[in-house]
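Report on the structure given below.
Values quoted throughout were computed directly from the atomic coordinates according to the rules given, and no laboratory measurement underlies them. Since the model is a prediction, treat every value here as computed from it, not as a measurement. Neighbour counts are summed over all protein chains in view; Cβ atoms, including those assigned to glycine, are modelled from backbone coordinates with ideal geometry.
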Amino acid sequence: MKLKGNAWKFGADVDTDRIIPARYLNTSDSAELAKHCMEDEDPAFAAKVRSGDIIAADKNFGCGSSREHAPIAIKAAGVSCVIAKSFARIFYRNAFNMGLPILESEDAPDSIATGDIVAVDTALGEITNVTKGLRFKARPIPPFMQGLVAAGGLLEFIKKTGVGLN
Amino acid sequence: MSPKIRPLTITEKILARHAGVKEVTPGELINAEVDIALGNDVTAPIAIHEFKRIGAKKVFNRNKVVLVPDHFTPNKDIKSANQCKILHDFAKEQKLTHYYEGGEVGVEHALLPEKGVVVPGDLVIGADSHTCTYGGLGAFSTGVGSTDLAAAMITGRLWFKVPETMRFVFKGRLNKWVGGKDLILHVIGEIGVDGALYRAMEFTGPAIDNLGMDSRLAMCNMAIEAGAKSGIIAPDKITRAYVAGRAERPYKFYSSDEGAQYCETLEYDCLEIEPKVAMPHLPSNTKNISEVGKITIDQVVIGSCTNGRLEDLAVAARILKGKKTAKNCRLIIIPATPFIYAQAMKKGWFDIFLKAGAVISPPTCGPCLGGHMGVLAAGERAVATTNRNFIGRMGDVKSEVYLTNPAVAAATAVKGRIAHPDEVV
């Protein structure tokens, strides 16, 4: 998958309460969740973000709660991909399971500032800061998880393989 | 002769058993059987939606899919009520044996061990990050998302990456007023909120051997706040006494082999650990209570899946007996389950709490995640026995949460500022 968009830069340990505050968890409607995406970090984010934009963040992105509402809100807000130095593990699983492309890179986030144009090739694991003319290699995605992405998420993977459907 | 198996950690043994293999290695991806798959009123609606969307008709085992609407219950608004109804209807349709509502529901991670639904040696997944609590019983348990829960509800299995294990050895005896909460806050303060990322945390040592079950559950509960996949304590005679008369199913005690491999071992002398306070806005932002200084507090919350159990309410009652909460400081006490609620009443603690000026809430997650039953206004500060103090966690984005053990929380309510229990008792 090749993606290109305007970058939004965030710091370290962005928790799921900042991605989607719990006061909005009384719904799982993705359009409703998208309206409040990153609200406590930047109240204007949902209004400013454009379809295809890319989030870049420091370490431990998505820490805290298991709420799948977090990647759902990000995806529904139009964000095409999240790049971070590392992800909290439940967020990492959730993103693959529900089909939000994410990439881990130790170096790329430091080079990216809000407003930079960033291009990503998820198959090759390549991140390019087009604005600054810098290229980075993302940490490889395990083959099994590539399979999840190719199938379109965990449940589609299960449906395709037919395991345990009763 | 079969080849000799390398020494394994307790976590590796439980995972291997559930994957149907003799041994597993950190980093390996496995597909393992799940003993309990858990969801709540925030996460299960998405899982149930996905379950239906993919065309599934029946859960893999109606005794093993557990639904606990505890976050926004008693239903706080119409949207929450609609979410809860999805669980209610699904539980009825699927004839789930472990569905709780009304006067039977409690905070999930207090309720399930108490009722013996989760037992030692289990592999448990839950669409709630604090599912790691059950490590206190010697089970492997980990938080997942709603799609994972849907997959487990359908197939009874889930994929896992076998984690490396970090070992934490606690030596010596606990100081007065120090509990499991302080030990885990101390660890998180040392290693950071991603200090155990993707790893299992194994707590051991003489201080753990003497630690009560409520404190063990509190420690494993907060493993996620260090980024860990799971936390675990090897079961022993304290575990045996706890599960006796509760366990719904046969259970198995696992323990780590001599020579098992740890990616890191950290040792702590408990004599050096005093009651801790996690300052805003991260659980790792810890200080010793003696270093906190004068911080006035508007609200104290004693409850949650971390510290809403009997041991926690007992210490709060001990401190609050004959005392009043400070003027301008609200105290909210939330017994985590109906059983704990009834016990606290029977033991006379409700009298103590009410005379002190506390509000006693029905069991709920409520204010812990800023849901209801005690949400903070802009500029307000709370001390809470809960597990997270992220920005806006308990209410307004300009409010603050300080995490402590129940003794410090109770003393704080009396003084109206963060206080050491010795100042009150």
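Run through segment B:200-266 and list the trypsin sites (Lys or Arg not before Pro) located in a DSSP loop whose Cβ has at most 10 other Cβ atoms within 10 Å.
Passing sites in segment B:200-266 do not exist.
Dipole of the protein assembly as shown, Cα-centred, from +1 at each Lys and Arg C-beta and -1 at each Asp and Glu C-beta, to the nearest 20 debye?
Dipole magnitude for the protein assembly as shown comes out near 1020 debye.
For B:Asn82 and B:Lys57, what is the calculated FRET efficiency with R₀ set at 22 Å and r taken between the beta-carbons, to the nearest 0.05?
0.40
Quick one: what are the phi-derived ³J(HN,Hα) couplings along segment B:33-47, Karplus 6.51/-1.76/1.60 with θ = phi - 60°, whole Hz, x for glycine and proline?
Residue by residue, segment B:33-47 yields 6, 10, 7, 9, 10, 10, x, 10, 6, 8, 9, 5, x, 5, 5 Hz.
Expected output is a single nm value to one decimal: the length gained when fully extending between B:Ser290 and B:Glu258, i.e. 0.36 nm times separation in residues minus the C-alpha distance. What is it?
Fully extending the segment from B:Ser290 to B:Glu258 adds 7.6 nm.
Over the whole of B:41-47, what's the average partner chain Cβ count within 10 Å per residue? Rounded to a whole number, please.
5
Hey, got the dipole for chain B? About the Cα centre, +1 on K and R Cβ, -1 on D and E Cβ, debye to the nearest 20?
920
With +1 on the Cβ of every Lys and Arg and -1 on the Cβ of every Asp and Glu, and nothing else charged, how large is the dipole of chain A about its Cα centre, in debye rounded to the nearest 20?
Dipole size: approximately 440 debye.
Suppose we take every Cα in segment A:1-139 and form the convex hull; what volume per residue is that in Å³?
Spread over its residues, the Cα hull of segment A:1-139 gives 88 Å³ apiece.
Compare the Cα positions of B:Ala127, B:Ile10, B:Ile46 along the charge dipole of segment B:8-273 (+1 at Cβ of Lys, Arg; -1 at Cβ of Asp, Glu; about the Cα centre) and return the one farthest towards the positive end.
Checking the options against the dipole of segment B:8-273, the answer is B:Ile46.
Sum up the charges of everything whose Cβ sits under 11 Å from the Cβ of B:Met201, counting Lys and Arg as +1 and Asp and Glu as -1, but leave B:Met201 out.
-1
Could you let me know the centre-to-centre spacing of segment B:127-155 and segment A:37-92, using Cα atoms, in angstrom?
Answer, in whole Å: 23.
So if the hydrodynamic radius of segment B:187-263 is defined as the Kirkwood radius over C-alpha pairs, what does Stokes-Einstein give as its diffusion coefficient at 20 °C and 1.002 mPa s, in µm² per second?
After rounding, the answer is 156 µm²/s.
Compute the Cα gyration tensor for segment B:134-227, then decide on rounded, prolate or oblate, letting a ≥ b ≥ c be the square roots of its eigenvalues: rounded whenever a/c is under 1.5, prolate when a/b is larger than b/c in the other cases, and oblate in all that remain.
Prolate, because a/c is 1.5 or more and a/b exceeds b/c.
Which one, B:Leu313, B:Ala150, B:Asn221, projects farthest toward the positive side of the charge dipole computed for chain B from Cβ point charges (K/R +1, D/E -1)?
Final value for the positive-end residue is B:Leu313.
Between B:Thr286 and residues 5 or more places away or on another chain, which pairs have amide H atoms under 5 Å apart, with H built 1.01 Å from N, and which residues are they?
B:Met279
Among bridges DSSP assigns within chain A, what percent are antiparallel (round to 5)?
Roughly 50 percent of the beta bridges in chain A run antiparallel, per DSSP.
Put +1 on the Cβ of every Lys and Arg and -1 on every Asp and Glu Cβ in segment B:1-120; which of B:Asn31, B:Ala81, B:Pro69 then has its Cα farthest towards the positive end of the dipole?
After comparing all options, I get B:Asn31.
Given the protein assembly as shown, what percent of its DSSP beta bridges are antiparallel, to the nearest 5?
Just about 30 percent of them are antiparallel.
Take every Cα pair under 8 Å in segment A:1-76 that's 6+ residues apart, average their separations, divide by the length, and report that relative contact order as a whole percent.
Result for segment A:1-76 is 49 percent.
On average, how many beta carbons from a partner chain sit within 10 Å of the beta carbon of a residue in B:70-80?
So the per-residue partner count for this stretch is 2.
Taking 0.36 nm per residue of sequence separation and subtracting the Cα-Cα distance, how much length would be gained by fully extending the chain between A:Ser51 and A:Ala151, in nm to one decimal?
Gain in length upon complete extension: 33.7 nm.
Before rounding to the nearest 500, sum -39500 (n - 2.57) across all DSSP H runs of length at least 4 in chain B and divide by the residue total; then give [θ] at 222 nm in deg cm²/dmol.
-8500 deg cm²/dmol
Indicate, rounded to the nearest 5 percent, the antiparallel portion of the DSSP beta bridges found entirely in segment B:276-423.
Of the beta bridges lying entirely in segment B:276-423, close to 25 percent run antiparallel.
Once every Cα of segment A:29-79 carries one equal point scatterer and solvent is ignored, give the base-10 log of I(q)/I(0) from the Debye formula at q = 0.27, 0.32 Å⁻¹, two decimals.
-1.19, -1.40
Which whole number gives the average count of other chain Cβ atoms within 10 Å of the Cβ atoms across peptide A:82-88?
The per-residue average across the peptide is 2.
May I ask for the distance between the Cα centers of segment B:288-324 and segment B:1-48, given as a whole number of Å?
37
Just to confirm a number: summing +1 for Lys and Arg and -1 for Asp and Glu over residues other than B:Gly126 whose beta-carbon lies under 11 angstrom from that of B:Gly126, what do you get?
-3
For segment B:276-423, how big is the tail of P(r) above 24 Å, as a whole percent of Cα pairs?
Roughly 21 percent, once rounded to a whole number.
Using θ = phi - 60° and the Karplus relation 6.51 cos²θ - 1.76 cosθ + 1.60, list the HN-Hα couplings for segment A:9-19 in order, rounded to whole Hz, with x at every Gly or Pro.
Result, rounded to whole Hz: 9, 10, x, 8, 6, 5, 8, 5, 5, 7, 5.
A:Ile141's amide H: which non-local residues (gap 5+, or another chain) put their own amide H closer than 5 Å, with H modeled 1.01 Å from N in plane and none for Pro or chain starts?
The list, which skips near neighbours in sequence, is empty: none.
Whose amide H sits under 5 Å from the amide H of A:Ile83, counting only residues 5 or more places off or on another chain, with H placed in the peptide plane?
A:Ile55, A:Ala56, A:Ala57, A:Leu103
Quickly work out the A:Thr27-to-A:Ala123 label distance, labels modelled 7 Å from Cα along the C-beta direction, and quote it in nm with one decimal.
Label at A:Ala123, label at A:Thr27, 3.8 nm between them.
Hey, any idea what Rg/Rh is for the protein assembly as shown, computing Rh the Kirkwood way over Cα pairs?
So for the protein assembly as shown, dividing Rg by the Kirkwood Rh gives 0.95.
Please report the relative contact order for chain A, taking Cα pairs under 8 Å with a sequence separation of at least 6, and give it as a percent rounded to a whole number.
Relative CO of chain A lands at 23 percent.
Using only alpha carbon positions, build the gyration tensor of segment B:329-371, then give the equivalent ellipsoid semi-axes as the square roots of 5 times its eigenvalues, largest first, whole angstrom.
Working from the Cα gyration tensor, I get semi-axes of 18, 15, 5 Å.
Would you kindly calculate the mean projected area, averaged across all directions, of the convex hull enclosing the Cα atoms of segment B:8-273, in square nanometres?
The Cα convex hull of segment B:8-273, projected and averaged over all directions, gives 14.2 nm².
Could you tell me the relative contact order of segment B:276-423? Use alpha-carbon pairs under 8 Å, at least six residues apart, and round to a whole percent.
33
With a 10 Å radius around each residue's Cβ, average the other Cβ atoms per peptide and rank B:267-280, B:360-373, highest first.
Most protected by this proxy first, the peptides run B:360-373, B:267-280.
Go through segment B:386-396 residue by residue and turn each phi into a ³J(HN,Hα) via Karplus (6.51, -1.76, 1.60, θ = phi - 60°); whole Hz please, and just put x for glycine and proline.
The phi angles translate into 7, 10, 9, 10, 4, 4, x, 4, 9, x, 4 Hz.
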